[in-house]
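Here is the structure we will look at.
The values are calculated or read from the model by the stated rules, or taken from the named source; none is laboratory data. Bear in mind the structure is a predicted one, so any value in this text is a computation, not a measurement. Note: ideal-geometry Cβ built from the backbone for every residue, glycine included; neighbour counts use all protein chains shown. These area figures cover heavy atoms from the full protein model, side chains too; ligands, DNA and RNA do not enter into them. Shrake-Rupley method; radii C 1.70, N 1.55, O 1.52, S 1.80 Å.
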Amino acid sequence: MLDISAHNTANINTDGYKKQRVNLSEGTNGVIVDITESTERGLLYKNEKGDMVETSNVSYPEEIAVQINAKHLLLANIAVIKRTDEAQESLMDIIA
């Protein structure tokens, strides 16, 4: 999620660029990651040649929210791994 958001942010001033989004869902063997491209249109403007050009459809505030969400998901996953490790250590102590 952070990589895709960074990619979107890097292309915020690239005419015609369409933002990408990461969709997470539960699968039988873990998390399924699906990356999709937005179909939203960017704003239109006339360039120096007089041609109509579509701007990027990326929004800084939206990307900041995505990055905050990704950070919280990462912290939650780290907490789960840490607790699982602690539980396994406790079980090993009991068995030993």
Could you list, ordered by first residue, the pairs with Cβ atoms under 8 Å in which the first is in the stretch 17-32 and at pLDDT below 90 and the second is among the hydroxyl-bearing types (Ser, Thr, Tyr), at least 6 apart or interchain?
VAL31/SER25
Can you pull out every residue in the stretch 54-96 that is part of a loop (DSSP other than H, G, I, E, B) and surrounded by 12 or more Cβ atoms within 10 Å (Cβ to Cβ)?
THR55, SER56, ASN57, VAL58, SER59
Which members of the stretch 22-53 meet the condition of being in contact with an Asp or Glu (Cβ under 9 Å, 6 or more places away or on another chain) and open to solvent by less than 50 Å² (accessible area, probe 1.4 Å)?
VAL22, GLY42, ASN47, VAL53
With the requirement that a residue be polar (S, T, N, Q) and part of a strand (DSSP E or B), what does the stretch 1-50 give you?
GLN20, ASN23, SER25, THR36
